[in-house]
Amino acid sequence: MSKKYLSAASHSTIITNDLFLAAFLSTVGCTLDRIEKNERRRVSFVFTGERVRELREAYRTGPVHVDMRDFRENLNRLRDRLGEMVTGHYPEERSAAYATARSLDTQPRLSSYAHA
């Protein structure tokens, strides 16, 4: 297994530079411990959690099921964090229009068992 997926610190930690895997792990409840940037400006996500390795393997080997709205929100949140790291601009510095657009995306979700 490659070095980027292993961590000597803990068996419940993984490091990945796959943004979609990172969004998946966030969606299913793993903890984003930190985001690391190397000298080549490549970014890696460091995740911890009891089942983080098992969930990574499930993502890599077969169909996984997540709430797509949660996945999209986590994907956008990670992209925002990456943008902050690259540009040095943080959310409080963004325009009011951006904040308004993001707040409109917080409509309540219907239960997966609800029928129209």
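Can you find, within segment 22-33, the residue that is nearest to the chain's Cα centre (by Cα) among those that are within 17 Å of Glu50 (Cβ to Cβ) and part of a helix (DSSP H, G or I)? So, considering only residues that are within 17 Å of Glu50 (Cβ to Cβ) and part of a helix (DSSP H, G or I), the one nearest to the chain's Cα centre (by Cα) is Ser26.
Of everything in segment 34-50 that is basic (Lys, Arg) and assigned to a loop (DSSP other than H, G, I, E, B), the residue that is surrounded by the fewest Cβ atoms within 10 Å (Cβ to Cβ) is Arg40.
Just to be sure before I move on: is Pro63 closer than 18 Å to Leu25 by Cβ and either modelled with pLDDT of 95 or more or in a loop (DSSP other than H, G, I, E, B) (or both) in the structure I sent?
yes
Number of residues in segment 51-60 that are assigned to a helix (DSSP H, G or I) and surrounded by 13 or more Cβ atoms within 10 Å (Cβ to Cβ): the value is 6.
The values are calculated or read from the model by the stated rules, or taken from the named source; none is laboratory data. Bear in mind the structure is a predicted one, so any value in this text is a computation, not a measurement. FYI the Cβ positions are ideal-geometry reconstructions off the backbone, even for glycines, and counts take in every protein chain you see.
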